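Below you'll find the structure, written out as structure tokens, and then a few comments.
The values are calculated or read from the model by the stated rules, or taken from the named source; none is laboratory data. Here the structure is a predicted model, which means the values were calculated and not measured. Neighbour counts run over all protein chains shown; Cβ positions are idealised from the backbone, glycine included. In case anyone asks, the SASA skips ligands and DNA or RNA and just uses the protein heavy atoms, side chains included. Shrake-Rupley method; radii C 1.70, N 1.55, O 1.52, S 1.80 Å.
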Amino acid sequence: VKNILLANDEFIDYSNLDSVILEGGNRDRSFSHAEAFGFFQSSDGNNFLDSNSEFFKSVKTKEGFIDNAVLLDSHKGPNIIAHELFHNFGLTDLYGSGTGPGQFSMMASNASRILNYERAVLGWFPAQDFKCDDFSKVIDLNSAFNLIEIKDIYADSIFLLKKAEDTAYIIEVSQLDSKPHLFVYLLEQNLRPPITMYGNPNKTYLSMFDLSDPNNVGSFYKAFEFSLLIWNQNGKSLTLKAIPNAMASSAEAKKVFEESILNREVILKKLAADADTKAKADADAKAKADADAKAKADADAKAKAEVNTLKLKKTITCIKGNSVKKIKGLNPKCPEGYKKK
């Protein structure tokens, strides 16, 4: 790649360019190649201490440095192209471990989405929905009553808990299939891949809980230093409790878990009562609608019968001397003494 860039330096003006995409011409569709290259002008400010070696050193052209290159050949699908191009803007590979985000990020699989945190790296995430705090201020490792609140589960959000300059826990809410899901992971910038995703040890891998489902109240994520319990929700806001691993067997932790189960039962009972009330209201509305429909049908039938009757009625003229009478009916007859005209 470097040789190609330098060999074309005399033909291409690289002014104001930081990245170059090389598109291969291979026609063998059984073969594909997609690779991003990040070069570095020095080791200052990054973790590649050998960035001054020829392999990692930026490509110096007549117009300046090329720090990024993408090589594509017989690539298969837009997600692969996007994955490689995202490297140019600061995203890193998240595959290569059993604890990455898997299908929840294009940087870990052939998914069509990325994490909220990755959107933030790209500058695509609203700053007002990205909250930060120090881990030690939010989570007391000697208490099981650490409270974390999410005001609106239907709005994507990020809550970053800083552990060190290059380490942080991230709690984010993201909409999957129009349902809010909770993601909990550890970000360690020095590692490749840098993300360790957490889930429930009793569930399958990457068991992210749907926050809109009240049955998930009382569920928890098992992180490196704590368990994050879904303690309560009221339909829109969410309350989490962080229980340090050292406190997992304590009376405090038991109380918090019991409270979450009670909260779930209260929510489910209320939902059941609301469902019964709604079902009764729906049944009453249906019964009234049926009664109204029947009454209208009966009235329509009566009116129709009356119209038909009117249509069938005949009128005859009866006379008696100078007296004339008109008689109307289904089978009209002249009165006694009268004759039909």
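The share of C-alpha pairs in the range 82-165 whose separation exceeds 15 Å stands at 67 percent.
By the Cβ-Cβ criterion of under 4.7 Å, the unpaired cysteines of the chain are C132. Per-residue surface analysis assigns V324 an accessible area of about 90 Å², computed on protein heavy atoms at 1.4 Å probe radius.
Compared with the dominant principal axis of the Cα atoms in the chain, helix 251-312 is inclined by about 30°. Using a Gaussian network model of the chain in which every pair of alpha carbons under 10 angstrom is joined by a spring, one finds that among I21, I261, I316 the greatest mean-square fluctuation is at I316.
Rg over Rh for the range 273-341 works out to 1.56, using Cα positions for both radii and the Kirkwood form for Rh. Check cross-link reach from K57 to the lysines: straight Cα distance under 18 Å, and skip same-chain residues fewer than eight apart. Here the lysines satisfying the reach criterion relative to K57 are K2. Summary of the geometry: the range 137-167 and the range 324-341, compared by the centres of their Cα atoms, lie 98 Å apart.
This model, with +1 at the C-beta of Lys and Arg and -1 at the C-beta of Asp and Glu, gives the chain a dipole about its Cα centre of some 5160 debye. Put a plus charge on the Cβ of each Lys and Arg, a minus charge on the Cβ of each Asp and Glu, and nothing anywhere else: the dipole of the range 258-341 about its Cα centre is then about 1840 debye. Once the C-beta distance of H33 and A164 is scaled by a Förster radius of 35 Å, the resulting FRET efficiency is 0.40 to the nearest 0.05. The figure for L6 is an accessible area of roughly 80 square angstrom, using a 1.4 Å probe on the protein chains alone. Computed across the range 189-341, the Kirkwood radius stands at 23.2 Å (inverse of mean 1/r, all Cα pairs).
For a straight C-alpha distance cut-off of 28 angstrom, the lysines reachable from K203 (same-chain residues fewer than eight places away being disregarded) are K151, K162, K163, K179, K222, K236, K241, K254, K255, K269, K270. By the compact-protein rule of thumb, 2.2 N^0.38 Å, the alpha-carbon radius of gyration of the range 98-234 corresponds to a ratio of 1.00.
Ranked from largest to smallest solvent-accessible area, with a 1.4 Å probe on the protein heavy atoms, F31, F104, F159 come out as F31, F159, F104.
Figure note: D140, D210 ranked by solvent-accessible area, largest first, 1.4 Å probe, ligands and nucleic acids not counted: D140, D210. A dipole drawn for the chain from +1 and -1 charges on Cβ atoms has a positive end, and of L182, A69, Y117 the residue lying farthest that way is L182. Computed FRET efficiency, Cβ-Cβ of A305 and A281, R0 41 Å: what is it to the nearest 0.05? Working from the Cβ atoms, E equals 0.70.
Mind checking which of D73, D213, D300 has the largest fluctuation in a GNM of the chain, springs on alpha carbons under 10 Å? In this elastic network of the chain, the residue with the biggest mean-square fluctuation among D73, D213, D300 is D300. Scaled against the 2.2 N^0.38 Å expected of a compact globular protein of N residues, the Cα radius of gyration of the range 143-190 reads 1.30. The lysines whose alpha-carbon is closer than 25 Å to the alpha-carbon of K304, local same-chain residues fewer than 8 away aside, are K288, K294, K296, K313, K314, K328. Taking label positions 7 Å along the Cα-Cβ direction at both Q175 and K328, the computed distance is 6.7 nm, reported to one decimal. Spin-label model, F11/N142: points 7 Å from Cα along the beta carbon direction are separated by 7.1 nm. Among W124, W231, the order of accessible area from largest down is W124, W231, computed with a 1.4 Å probe on protein heavy atoms. Using the Cβ-Cβ distance between Q128 and F89 with R0 set to 25 Å, the FRET efficiency works out to roughly 0.70. Placing unit charges on each Cβ (+1 for Lys and Arg, -1 for Asp and Glu) gives the range 153-311 a dipole about its Cα centre, and among S249, A164, A301 the Cα reaching farthest toward its positive end belongs to A301.
The ellipsoid equivalent to the alpha-carbon distribution of the chain has semi-axes of 75, 36, 15 angstrom, derived from the gyration tensor eigenvalues as √(5λ) and listed largest first. Remark on the range 1-148: hydrodynamic radius 18.3 angstrom, per the Kirkwood mean of 1/r across alpha carbon pairs. Among Y14, Y198, Y154, the largest mean-square fluctuation in a Gaussian network model of the chain (Cα springs under 10 Å) belongs to Y14.
Charges were assigned to the Cβ only: +1 to each Lys and Arg, -1 to each Asp and Glu. The resulting dipole of the range 1-155 about its Cα centre is roughly 380 debye.
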